[in-house]
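Q: Submitted below is the structure of interest, expressed as structure tokens.
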Amino acid sequence: MRILKQLLDFYINSSLHVALSVFALVKMTAFLFAITSIEPCAYFAFYGTIVGYNFVKYDTLARLQKRQMRLQLKAITLLSLVSFVVAAFYFLQLAQKTKIIALIFLLLTLLYTLPFFPNKKNARNWAGVKIYIVALCWVGVTLFLPIINAGLPITTSVMLIAVQRFILVFVLILIFEIIDLKLDDPHLKTVPQQIGVGSTKFVGCSMLLLFVLMEFLQANFNYPTLSIKLGIALTVLLFLCCAHERRSKYYTSFLVESIPILWWLLVLIFS
């Protein structure tokens, strides 16, 4: 049992799980827009997410003093280095304009992590900015990169899906912020810190309602797709309503981050 827990912790701490969620959304984009050559984008997103997330978390992991975590950190570092090489390989297979967009999101990741200006904190510590940068990067990597790489136009349908995906990621991050309320620096000014947990949940519920209603604006509206998005919205709503500061890290880092994977599987099975 202890070995299984260590494997699960490594799976989560190494960002493999969140990378699989990103991979699932890229594959879903390919399914929705009938993109046949999706592998370069999908694998670049997967391995790039491992590198990016581990880069962001590296300082935190390095400060932990437990022997197990030190050993785990070495394995995560090795995984990140291998992932960087593989991500670079798939990056070279992307179209030229896609590479430019990918570099823009890389800069956003660096801005989120490193202080670019003297005596200034990184974007991660800028009050209220974190949630928007993360949601924007998810939408960019999982939707716009595959669309642009396939040479497809940015239509109204694409923009509607982009807004829906932004809403979904935004609300998922709200769940993280509620659970991390006691741990977050008060100067971060996360949504729960600014308006309280109850109001944060109300905002999340309102956004999920908008997430579902926007489906009626799609030109290719159909009830199976609506049913899937309604199911996903209700699942996120359940996690949001049950979120509180005493929840285990597995509540967010494993269960909540599994929702994009669940969404992709539902699309494959029922669409």
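The values are calculated or read from the model by the stated rules, or taken from the named source; none is laboratory data. In this text the structure is predicted, and so the values were computed from the model without any measurement. Please note: Cβ atoms are built from the backbone with ideal geometry, for glycine as well, and neighbour counts cover all protein chains shown. Side chains included, ligands, DNA and RNA excluded: accessible areas come from the protein's heavy atoms. Shrake-Rupley method; radii C 1.70, N 1.55, O 1.52, S 1.80 Å.
Q: Over the chain, with the other protein chains present, what is the accessible area per residue in square angstrom, probe 1.4 angstrom? Could you put the intermediate results ahead of the total?
A: Numbers: 14240 Å² over 271 residues.
Using a 1.4 Å probe on heavy atoms only, each residue of the chain averages 53 Å².
Q: List the DSSP H helices in the chain whose Cα atoms stretch 30 Å or more along the helix axis and whose mean Kyte-Doolittle hydropathy is at least 1.0. Don't skip to the answer; put the middle values down first.
A: Details: long enough: 39-63 (36 Å, 0.20); 67-91 (35 Å, 1.13); 156-179 (35 Å, 2.42).
Qualifying helices: 67-91, 156-179.
Q: To the nearest whole percent, what portion of all C-alpha pairs in segment 181-220 is separated by more than 16 angstrom?
A: On the way: 394 of 780 pairs.
Value for segment 181-220: 51 percent of Cα pairs lie more than 16 Å apart.
Q: Between rounded, prolate and oblate, where does segment 146-271 land on the alpha carbon gyration tensor, with a ≥ b ≥ c its root eigenvalues, rounded for a/c under 1.5, else prolate if a/b exceeds b/c?
A: Numbers: a/c = 2.01, a/b = 1.80, b/c = 1.12.
Because a/c hits 1.5 or more and a/b exceeds b/c, segment 146-271 counts as prolate.
Q: Still on this structure: At what distance in angstrom do the alpha carbon centres of segment 211-271 and segment 1-23 lie from each other?
A: Between the Cα centres of segment 211-271 and segment 1-23 lies a distance of 21 Å.
Q: Counting only protein heavy atoms and using a 1.4 Å probe, what share of the accessible area of the chain belongs to carbon plus sulfur, as a whole percent? Can you show the working numbers first?
A: Working: 10050 of 14240 Å².
Answer for the chain: carbon and sulfur cover 71 percent of the accessible area.
Q: Rank by packing, highest mean first: peptides 161-172, 208-219, 250-261, with packing defined as the count of other Cβ atoms within 10 Å averaged across residues.
A: On the way: 161-172: 21.3, 208-219: 14.6, 250-261: 18.9.
Ranking the peptides 161-172, 208-219, 250-261 by packing returns 161-172, 250-261, 208-219.
Q: Okay, moving on. With runs of 4+ DSSP H residues as the only contributors, calculate the mean residue ellipticity of the chain at 222 nm using -39,500 (n - 2.57) per run, divided by the residue total and rounded to the nearest 500.
A: About -23000 deg cm²/dmol.
Q: Given the pairs K27/K97; K57/K182; K189/K249; K27/K74; K130/K229, which span a C-alpha to C-alpha distance of over 23 angstrom in this model? Intermediate results must be reported in sequence, preceding the final value.
A: Numbers: K27/K97 20 Å; K57/K182 19 Å; K189/K249 21 Å; K27/K74 30 Å; K130/K229 26 Å.
Violating the 23 Å limit, Cα to Cα: K27/K74; K130/K229.
Q: So what is the diffusion coefficient of segment 175-247 in µm² per second by Stokes-Einstein at 10 °C and 1.306 mPa s, using a Kirkwood Rh over Cα pairs?
A: Values: Rh = 13.5 Å.
The calculation lands on 117 µm²/s.
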